Amino acid sequence: MTATTSPLAAPDRTEPTSFAFDAISLDAIAKILAKYPADKKASGTLPLLDLAQRQMGRVTGSAWVPVVAMDEIARVLDIAPVRVYEVATFYLMYNTKPIGRHHLQVCGTTPCWLRGSDSVRDAIKACTGIKHYGETSEDGLFTMSEVECLGGCVNAPILQVDDDYYEDMNAESTTALVEALKRGEKPARGSSIGRQNSAPEGGPLTLNTIVGE
Ligand code: FES
């Protein structure tokens with residue numbers, strides 16, 4: 001497995017023939033498994049899948065969970081491999097195929113759609129060359145996925161990039177964000193229009209004064 005460190009480099013998206021948890025992951029695994037009784041180690045399936053995906057992202061630039069990693073999780077947890085496969089293929093947050101360096105997840109559920117998620121999707125298409133959801137750009141830097149409600153509807157539309165939420169997005173802010181990522185930059189997450197948390201645009205309208213002061 002080749003280490004890919006430059007944020008501008010295309011990730012190594014080849015299927016590995018073996019997988020072993022590295023020191024960072026092993027340290028985290030010890031802490032995770034300490035939470036469960038020895039005969040309930042299967043409870044670690046979800047967090048170990050997450051660890052494997054993060055390690056793949058750290059080492060190859062493509063955050064996904066190959067079958068050999070699922071097999072290693074089954075070995076560590078002392079469960080049948082199929083029990084890991086069925087969990088990995090059920091939850092959308094686990095990528096069971098290689099992805100680009102950045103995972104652009106466009107929320108297309110009703111509040112985001114009403115607030116312009118189609119323009120976010122179209123801006124990503126225009127600046128990455130991606131034509132459809134599920135595709136990875138030719139340079140390997142981006143994969144675009146459509147996701148259901150991300151729980152940030154109040155600041156819709158939401159674009160999740162890897163672990164971060166970018167909120168109140170439109171075509172212009174999406175284009176600026178993707179171009180910054182191409183340069184290896186990581187813009188600040190949060191509202192693109194300067195909204196304070198989830199307050200109304202322009203600032204809070206209620207509870208602005210404290211009675212008695
Ligand atoms: S509908 Fe997009 S965050 Fe809820």
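The values are calculated or read from the model by the stated rules, or taken from the named source; none is laboratory data. Nothing here was measured: the structure is a model prediction, and the numbers come from that model. Every residue, glycine as well, gets a Cβ built from its backbone with ideal geometry; the counts of neighbours run over all protein chains shown. Surface accessibility is based on the protein's heavy atoms, side chains included, excluding ligands, DNA and RNA. Shrake-Rupley method; radii C 1.70, N 1.55, O 1.52, S 1.80 Å.
Of note:
- Percent carbon-and-sulfur accessible area, the chain, ignoring ligands, DNA and RNA, probe 1.4 Å: 55 percent
- Contour minus Cα-Cα distance for A176 and V68 (0.36 nm per residue): 35.1 nm
- Neighbours of H103 by Cβ distance under 11 Å: Lys/Arg scored +1, Asp/Glu scored -1, total -2.
- Sites matching chymotrypsin sites (Phe, Trp or Tyr not before Pro) across the stretch 52-118 that sit in DSSP coil, with at most 14 neighbouring C-beta atoms within 10 Å: F90, Y91
- Rounded to the nearest 20 debye, the dipole size of the chain about its Cα centre is 280 debye, using +1 on the Cβ of Lys and Arg and -1 on the Cβ of Asp and Glu.
- With protein chains left intact and a 1.4 Å probe, residues in the chain average 55 Å² of accessible area per residue.
- Taking every C-alpha pair closer than 8 Å and separated by at least 6 residues, the mean separation divided by the residue count of the stretch 152-207 gives a relative contact order of 28 percent.
- When the Gaussian network model of the chain links Cα atoms closer than 10 Å, the mean-square fluctuations of D50, D118, D163 top out at D163.
- Centre separation in Å (Cα based) which lies between the stretch 1-72 and the stretch 164-213: 32 Å
- Each Lys and Arg contributes +1 and each Asp and Glu -1, all at the Cβ; summed about the Cα centre of the stretch 131-176, the dipole is approximately 140 debye.
- Loop trypsin sites (Lys or Arg not before Pro), the stretch 151-199 (other Cβ atoms within 10 Å of the site Cβ: 12 or fewer; DSSP): R183
- Computed on the chain, with alpha-carbon pairs under 8 angstrom and 6+ residues apart, the relative contact order is 17 percent.
- Other-chain or far-sequence residues with amide H under 5 Å of F142's (modelled H): R101, H102, S137
- Rough spin-label spacing in nm, given labels placed 7 Å along Cα→Cβ, for M93 and R75: 2.6 nm
- Summing Lys and Arg as +1 and Asp and Glu as -1 over all other residues whose Cβ lies under 14 Å from the Cβ of T60 gives a net charge of +2.
- Across the stretch 102-191, the mean sequence separation of Cα contacts (distance under 8 Å, 6 or more residues apart), normalised by length, yields a relative contact order of 34 percent.
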